Structures are given as C-alpha cells and as structure tokens.
C-alpha cells in the first residue's frame, strides 16, 4: 500500500506540475518568512542526525535503553513493540501457571484503558473544535497559503484517491461494505485529523477496529501498533509530492532514476518515521538528499511547503490511520477470522457500581 501511495503521488505531481506555477516573488516571500523559522531549522538538524546514524540505525533504535521511558514517548513505538514481544516470549517460557497473573493484569489494564477511551470520546466534538481553532489561528499569511493552493490540492487529491483505494481493498478482499467501514472508523479518523498523530490516535483506532469492525484483539494489538510506525501511506505520498514540487519550483530537474529513488527512499523513510506530528518533514529532508538536491537550498525547499504543512499533516494522518485499519482487516481475513463486532458502551457495567434499590 505504501508503494501504491508514493506512485499515486508521483503520477499526480508530474501530470499537474504544481511547482511550475510558483513565481519568484512568492518563493522569495516564503523563504524570508519561513527559512529561518526555528521549526524548519530543527527539522533540518534532526534529519542530519538521522542521516549520520546510517541506514540500519532504525534497527538499533528498536531496542529500548529504558522500556518504561519508551512507554511514555509516542515517538518510540517500535521500542514498545520490541519490549512487549520479548516480554511475551519470556512469559511463555516460564509456563502458563506462573504467567497467568501477569496476563490477567494486562488484560484488565487493557479493558480499563479502552473504557477510558470511551469516556474521552464523549468529549471529542468539543476537544476537536478546540484543537482546530488553534490550527486556524496559527496558520500564517493567507496570501501565502493561497499561493500554495495548487500544491495542497495535489496532495489532497492523492490522499482522497488512497481512501478510495482502501475502500476498494476492503470491498474486494474482505467483502465488507466500504461505507460501513468508513462510518465505523470515522471517530479514529476525526481524532487523527485533530491531533496529527497516529500514535495518539492508536487507542481509539484499536477500539474501533476491535469492537466496531470486529477484528480479533490478538491481530489488532499487533498490526495496529506496528502499522502506526511503519505503514505511513499518507506520509509517503506527501513526501513524493513534496520532493517533486520543491524540485519543480526551484528548477531542479529530476530524471526517471531520481523519481525511482524517491519511491525507494520514501518507502524506507516511512518505516523509520515517528508516529508524531511533523515527523514527515524530517523524512522529506532525507528523501531530498537521496536525489542529490543542493544542500544550500534545503532550507528554502522546506520553507516553500512549511506554511501548509500542518493542515496537510492532519489530512495525511487520517490516511495513515485508515490504512492501518484496512491492513488489520486484510490480515484477519487472510487468517480465516470472521469480522464480528462486539460493541462496548461506556456505561455497560454502570448498574454494577450503582447502589441497588431495596425492595419494599
């Protein structure tokens, strides 16, 4: 699915060529406004650090120095997965009788967390409104946003096509009604849109996939956390479009080999990209460096797209989450598991905690 996403992005950006319509005055204004921005410079510095780590750095990063620290950090999802798999193997090795209390503890903790998610989602409409209000207030110069409208339109069109692609996969491979699928995953999509973080949305995604779509917990609890880190279709599509757009705007010609390199690098970058807001721009620097983009123009390139990065980040996170849910359904179907929803409401056990009325 990631290769499909990058391919869709590259086809659209090459056909529509949004970078050719950017004037020199607009480029100069964007550069003056954003090139020295602290967020842009921090993205460049972080990308340079990741480049120095080597191509296999992500394998080293999978092993946690401190498992409890990893649990409290959204950007260290692979470390959490590595630790939990290792813990599960060790629990198997000590025998079922000894490991049962710990397993029961984690099962109960999981149920409690999902119940917390149910309660938190009751406030979702107000919370999402507050988050979006902050994005609108800090969105920047409207004229600059308008100048980047064509680029934004290409990215949005690509993301919409990915959603269509997911619904086709769901319909063909799982025989699940695509509209029902979108309806049941929509709360997770809404939270992904407002937070721009696959990791922050993960508890809600798991709750919707397990309870409302019917994927078994043993499948969703593995596929979704892994997918939140390495299956970033929306981010990969964005990196392909952004890399070509920047090259078009700054007059940097790309050969077919360069575009194939974008596919490969964006695919690998999506695996190592953190499931947190803004991580895609860090990986974009690595993609640009892979095609020998001039180092002295990297800051200018990021400045061109920085003004619209936040709203596009929100949209591509929706695609990331939808892709993870789609893959979990495909895995469930390939293993011969039926999709049986088991919806739980926040007040399912309310009668157990309320005082019972005495009979007269």
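Only the coordinates and a few stated rules stand behind these numbers; no lab work does. Only a predicted model underlies this, so the values are computations on that prediction, with no experimental measurement involved. Using ideal geometry, Cβ is built from the backbone for each residue, glycine included, and neighbour counts are taken over all protein chains shown.
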Exercise. What is the extension gain from residue 73 to residue 126, computed as 0.36 nm multiplied by their sequence separation minus the C-alpha to C-alpha distance, in nm to one decimal?
Worked result: 16.5 nm
Seminar exercise, completed: Put in order of increasing Cβ neighbours within 10 Å, starting from the fewest, 107, 61, 313 give 107, 61, 313
Seminar exercise, completed: So residue 84 and residue 296, fully extended at 0.36 nm per residue minus their Cα-Cα distance, gain in nm 72.0 nm
For this session: Could I have the simple spin-label model distance between residue 119 and residue 339, label points 7 Å from Cα toward Cβ, reported in nm to one decimal?
Result: 3.1 nm
Problem set entry | Computed label-point distance, nm, for sites residue 11 and residue 157 using a 7 Å Cα→Cβ extension | 1.2 nm
Exercise. What is the order of 316, 310, 184, 208, fewest Cβ neighbours within 10 Å to most?
Worked result: 310, 184, 208, 316
Exercise. Can you sort 238, 176 so the residue with the fewest Cβ neighbours within 10 Å comes first?
Worked result: 176, 238
Problem set entry | Inter-label distance, nm, simple model (7 Å from Cα along the C-beta direction), residue 256/residue 179 | 4.3 nm
